[in-house]
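This report concerns only the one structure given below.
The values are calculated or read from the model by the stated rules, or taken from the named source; none is laboratory data. Being a predicted model, the structure only gives us computed values, none of them experimental. Note that each Cβ is placed from the backbone with ideal geometry, even for glycine, and that neighbours are counted across all protein chains shown. SASA here: full protein model, heavy atoms, side chains in, ligands and nucleic acids out. Shrake-Rupley method; radii C 1.70, N 1.55, O 1.52, S 1.80 Å.
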Amino acid sequence: MKTLPELLTFWQTQAGKLGEQTLQHIGLTAAALLLAVVLGVPLGLWLTRRPRWAPVVLGLAGILQTVPSIALLGFLIPWLGIGPKPAILALLLYSLLPIIRNTVTGIQGVSPAVVEAARGLGFTDWQVQSQVELPLALPVLFAGIRTAAVIGVGVATLAAYVAAGGLGEFIFGGIALNNPVMILAGALPAAALALAFDAALAGLQRLDSRRLVGVGKVLLVLLPLLGGLYLLPRASSKLQAGFSPEFVGRADGLPGLRRAYGLRRLPSVVLAPALVYEAARNADVDVIDGYSTDGRIRAYGLQVLRDDKRVFPPYYAAPVVRPALLQAHPELRPVLAQLTGLLTDSAMTELNYRVDYLHQQPRAVAEAFLRQRGLWRDPRPKVPGAAVVRLGSKIFAEQYILVEMYAALIRGATDLSVETKTGLGGTTICFEALRSGTIDMYPEYTGTGLQVLLQPSPATLDSLNGQPAAVFDYVKQEFRRRYKLEWLPPLGFNNTYALLMRQRQARELGIGSLSELGQYLGR
Amino acid sequence: MADSASAPIIRATGLTKRYGPHAVVQDVSFALHPGETLVLLGPSGCGKTTLLRLLNRLVEPDAGTVEINGQDVRRQQPEELRRGIGYVIQQVGLLPHYSVADNVAVVPRLLGHAPAAIEARTAALLRRLHLPPEQYAARFPHELSGGQQQRVGLARALAADPPIILLDEPFGALDPVTRTQIRRDFRELEELRDKTIVLVTHDVTEAFELADRIMLLDAGRVQQLGTPRELLFQSANDFVRRFFAAERLPLQLRTLTLADVQPFLPPGSQLRELPAKLPVHDALEQLTSGPKRPPSSAGVGALMHAFEQALQAEPV
């Protein structure tokens, strides 16, 4: 067990970040919880007076609860942008159901005789609610708040995807980088927070209902204060960067850039890879990481900053396959080879543009391209019991398109049946799926194979010196030796990491390359 | 006792309440004078509880009016109206998160009485209802027996000294022994002496014991409104007769007093020394449970004989 000391070291070196993320996490959860209580309790009270609406409202809140949190965030971003707003709103929506439902249940559980007596004695409706029903419903209501808090702590990890910070930054960074220590560094405090929230509220719940009223009031004061933690001043600077979790952690990502170009005064937030382009386009951030062939570069008016010191290694795409597949079906090799060297940078950017921006189906885009190059053949009729080739892809458009091309080629030229497993979360997931035989093949990039999977020593890296051919040979050799996996020849384009800015801003500031960015920031 | 010369404190006119097509109270009218006790009697579902709740606007009528002290209740805020009317229900409905003292103090607090006065009043009421405040004031409702809870409920209704008290089967949920005991306390409670009381029950004995007048209801309609004696001896219809049939004798024993049987008692009977208002039932109780049992014929036999003759003298 090396993990524990590594974890402690990680926390030690990242103590500042850990503290900041924990405070953000508490702040997010508390702010959302407060809003949920402020909204949910009156709504629940109202429902007890209008029972006809209860199924509608509770049903709606229930549906919200079933929307996957990441999808909910996705819906909120076009409307609220990135940052704490969509995160808090999403958390709020998740917290709402238990609070409304328990308010209603709690109040319905109050003995009708007590309410009848209170009315008969001359309590107004408001007094019945505030002095009789609410205090008596408080234990049940509290259980709802407790549930909401625990859900909230969990969902708040996703806030990292929309640049709202929190402990999710470590977790998603760790997932993206295949770094279990980093995942634990975020997950353990998150779990501890959930337990702490739960225990604290459970302690409150045990108090009798008279004191609970007081506690409720304290909570109403405390929650905004906790929520305020989120608003602690952050460093401000000329430019704001937004990076995907993977980029922040990997050696050829941000750390490498900082070493080569300085970039010291570039504060960054972490957000979901799918959102960085949107964030740059909406000027939520100014500098983002991206891929040089991404279709949105053209669509959103972004510009690639030249990597004049060649920090980013070459990322030539090539299929990685299980050798067993080629041995069992030698006819596949020439079929797969049809794409070799066929896709240039501009060709790939164009295809990505169609999918990412014009929202065409990857399959249709793949078919159109193959037809245009004269490679299209109608799929052969299905042969019962035919062997299955399972194609995997990571979760972005380029990979979908490539996988669709391979699928079409295999269906047209062989009797093999094809199964696609698209949308595998990241490099590690694809790679592990391939090693375990869950998939037979997926498109990978030489740089990714080098940096993320092989992780060679700095000396080896220096010797390769970013030479495309050298990198490919090294990767191919090492994959064969270490993992018994086979790299086929590259497809032609180099989808390397890049830093991007809005074209207009870059032009105004006179920034065309990373060195110029470093100079601008250093000024 | 009713003072029919004074203006009525409660006057109900043509009260009707429907739930859907079903009329639970139909065209009910009555006038109640200060200090009078009216018992609403009838089988379950006859509308007696709804009628009671129409009086303090817990239910609003579809037709008809309620006037209290000559003023239409609809011209008053319902909450303010209710604060001026004591209210006791069968399930008691003490606020479980309030102590006994706080429960009793609820209405005076709503009315904004001075804290010191509230405290003194609460203590006095609890003492009067056999719940010594030193022992009970700080307790919570769940720590009390059913009978004790109902005593607190009664104290709560009396706390602000309202001229009118509405009681909905106040003793219905109690066991027979406790019920008899609380009923006796209730009858003897000084605070209630000059109150105007409307009490709902389905217990005939209870009605005869407590009522100045009884309103017998069936299916939302008044079958008869009158003194217990009128209902028993001058029943308005078959329903009334049938309603009392099962308990006719005990009711007669409770209704006729020594004054009624006096003419038929043998001269010089010691019974003539008892109060004339004493019901025959109570006189019999004294004769049979006293410390010394007079073997003379001047006792039970003479009383029963006189009772029988008095019954025959009643108009039927």
Item to check | Among A:G62, A:T9, A:N352 the positive-end extreme of the charge dipole of the protein assembly as shown (Cβ point charges) | outcome: A:N352
Checklist outcome for this item: Share of accessible surface on carbon and sulfur in region A:433-481, whole %, 1.4 Å probe and ligands ignored, is 48 percent
Next on the checklist: Under 8 Å for C-alpha pairs, at least 6 residues apart: give me the relative contact order for region B:40-89, rounded to a whole percent.
Outcome noted: 26 percent
Checklist entry - Once all Cα-Cα distances of region A:296-378 are split into 10 Å bins that start at 0, what whole-number percent is in each one? => result 13, 34, 34, 16, 3
Next on the checklist: In Å, what Kirkwood hydrodynamic radius results for region B:43-144 from the alpha-carbon pair distances?
Outcome noted: 15.8 Å
Next on the checklist: Can you give the local net charge around A:V475? Use residues other than it whose beta-carbon is closer than 13 angstrom to its beta-carbon, Lys and Arg +1, Asp and Glu -1.
Outcome noted: 0
Item to check | Kirkwood Rh and Cα Rg combined as Rg over Rh, evaluated for region A:390-523 | outcome: 1.07
Checklist entry - Within region A:1-81, which trypsin sites (Lys or Arg not before Pro) sit in a loop by DSSP and count at most 12 neighbouring Cβ atoms inside 10 Å? => result A:K2
Next on the checklist: Once you compute Rg and the Kirkwood Rh from C-alpha atoms, what is the Rg to Rh ratio for region A:3-231?
Outcome noted: 1.05
Next on the checklist: Under 5 Å between amide hydrogens, which residues at least 5 positions from B:V24 or on another chain qualify, with H placed 1.01 Å from N in the peptide plane?
Outcome noted: B:K17, B:R18, B:Y19
Checklist entry - What Rg and what Dmax come out for the protein assembly as shown when only alpha-carbon atoms are used, in angstroms? => result 43.3, 140
Checklist entry - Add -39500 (n - 2.57) for each DSSP H run of 4 or more in chain B, then divide by its residues: what number comes out at 222 nm, to the nearest 500 deg cm²/dmol? => result -11000 deg cm²/dmol
Item to check | Positive-pole candidate from A:T420, A:V132, A:L92, dipole of chain A, charges at beta carbon | outcome: A:V132
Checklist entry - Quick one: buried accessible area between A and B, total over both chains, 1.4 angstrom probe, nearest 100 Å²? => result 1700 Å²
Item to check | Probe 1.4 Å, protein heavy atoms only - accessible area per residue of chain B in square angstrom | outcome: 46 Å²
Next on the checklist: Output the 0 to 90 degree angle, nearest 10, between the alpha-carbon long axis of helix A:180-206 and the longest principal axis computed from the alpha carbons of chain A.
Outcome noted: 10 degrees
Next on the checklist: Which residue, A:N102, A:W53, A:L223, has the largest displacement toward the positive end of the dipole of region A:3-231 when charges sit on each Cβ (Lys, Arg +1; Asp, Glu -1)?
Outcome noted: A:W53
Next on the checklist: Can you compute the radius of gyration and Dmax for region A:25-65, using only the Cα atoms, both in Å?
Outcome noted: 12.1, 37
Next on the checklist: Can you tell me which lysines have their Cα less than 19 Å from the Cα of A:K421? Leave out same-chain residues fewer than eight positions away.
Outcome noted: A:K394
Checklist entry - If you place +1 on the Cβ of every Lys and Arg, -1 on the Cβ of every Asp and Glu, and leave all else neutral, what size is the dipole of the protein assembly as shown about its Cα centre, to the nearest 20 Debye? => result 2100 debye
Item to check | Share of alpha-carbon pairs per 20 Å distance bin for chain B, given as whole % | outcome: 29, 54, 17, 0
Item to check | Mean Cβ neighbour count within 10 Å, used as a protection proxy, ranking B:249-262, A:24-37, A:319-332 highest first | outcome: A:24-37, B:249-262, A:319-332
Checklist entry - For the residue pair B:A7 and B:V177, what label-to-label distance in nm results when each label sits 7 Å from Cα along the Cα-to-beta-carbon direction? => result 4.9 nm
Checklist outcome for this item: Surpassing 32 Å at the alpha-carbon level, of the pairs A:K85/A:K309; A:K17/A:K238; B:K17/B:K195, are A:K85/A:K309
Checklist entry - For q = 0.11, 0.13 Å⁻¹, what log10 I(q)/I(0) does region A:317-494 give under the Debye formula with an equal point scatterer on each alpha carbon and no solvent? => result -0.46, -0.65
Item to check | Only Lys, Arg (+1) and Asp, Glu (-1) charged, at Cβ; region A:3-231 dipole about Cα centre in debye | outcome: 520 debye
